[in-house]
1. Any idea how many residues of the stretch 225-269 are over 23 Å from Ile290 (Cα atoms) and over 13 Å from the mean Cα position of the chain (by Cα)?
2. Looking at Phe257 and the list (1) crowded, with 23+ Cβ neighbours inside 10 Å; (2) in contact (Cβ under 8 Å) with a residue 40 or more places away in the chain, which single condition is not satisfied?
3. Quick check on my filter: what residues within the stretch 169-183 are touching a residue at least 24 places away in the same chain (Cβ under 8 Å), among the hydroxyl-bearing types (Ser, Thr, Tyr) and in a loop (DSSP other than H, G, I, E, B)?
4. Among the candidates Gly69, Gly144, Gly105, which residue alone is touching a helix residue (DSSP H, G or I) at 6+ places or on another chain (Cβ under 9 Å), farther than 18 Å from Thr196 by Cβ, buried (at least 19 other Cβ atoms within 10 Å of the Cβ) and not hydrophobic (A, V, I, L, M, F, W, C)?
5. Collect the residues in the stretch 280-306 that are in contact (Cβ under 8 Å) with a residue 24 or more places away in the chain, hydrophobic (A, V, I, L, M, F, W, C) and more than 25 Å from Gly268 (Cα to Cα), keeping them in residue-number order.
Amino acid sequence: MKKKTDLQVVIAGIRMKNPVMTASGTFGYGREYAELVDLQRLGAVVVKGLHLNPSKGNPPPRIVETPCGMLNAIGLENVGIQAFVDEKLPYLKRLHVPVIVNIYGHFIEEYAELAAVVDAVDGITGIEVNISCPNIKAGGVAFGVRPESAHSVIAAVRKETEKPVIAKLSPNVTDITEIAKSVEGAGADAVSLINTLTGMAVDIETRTPRLANVTGGLSGPAIKPVALRMVWQVANSVPIPVIGIGGIMTATDALEFLVAGASAVQVGTANFVNPRATMDILDGIEAFMIEKGIDRISQIIGSLQV
């Protein structure tokens, strides 16, 4: 008889059957993977970043493969919040899996307006706030690279919603713990990290950037050590739950993040390499627990001995 393991986690009041989530921008709006993945087994679905208005994103080329990863400059292409609510959400609601909406804006007022719209929608469990977007009023500097601007965005969102708020942090900072403390102080219920590292690639034949946008976000196994270090630092600096992201390809990768202090993980770039990555990771975590005689996932979370 197969031993039962307790994989349940609660993050920001969101009860999940296990700690395996999808990462925004890598899983579409969920339905795109329905023929490949048992969506109802997921801990939560985090959908593609949404804005008040639809966006076509950046012109191509906007994806470049790199050693141990990829660069992307998609430019937050999305259908817009209203189309998501009308056309995408009804399917997700039937899954009985927490649906977390990732939002972004170019002005603080846009974040606040989006939060107010989402707050009124039944079927959306929580809000993940992408603060890696350029603050147009500040000349394009990302909101998430300064404690003050990160605090302002989360405070504005918090004011407009009673749903759980997760701040998604940028690694392109000097001290990520300062950003984490600022968003926690602004009312974030949890943090997710890391978003992509800024990078670029060059075509030596044409002597031009490989991305039309010149720079893009680096993701995949190459960034895992950086992500793991930052998750450990943040988990030891704020009292709110931490969701680990960055180069998680296998169950071993996910377990490293959990041991380092993450209460859950998001699987991103791995979905492009292996569309069933989330299922394989979930199976692997459970197998590890059974092998080691671990009854509850809580016995693993934050168990790093330093």
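Laboratory data are not the source of any read-out in this text; all were calculated from the coordinates shown. Because the structure is predicted, anything quoted here is derived from the model rather than measured. All Cβ positions, glycine included, derive from the backbone under ideal geometry; neighbour counts span all protein chains shown.
1. 15
2. Status for Phe257: all satisfied but (2).
3. Start the filter on the stretch 169-183 by keeping residues that are touching a residue at least 24 places away in the same chain (Cβ under 8 Å), which leaves 169-173, 176-183.
Okay, now just the ones that are also among the hydroxyl-bearing types (Ser, Thr, Tyr), so 170, 177, 182.
The answer is Ser170, and nothing else.
4. Numbers: Gly69 fails: farther than 18 Å from Thr196 by Cβ; Gly144 fails: farther than 18 Å from Thr196 by Cβ.
From the options Gly69, Gly144, Gly105, the qualifying one is Gly105.
5. Ile290, Ile294
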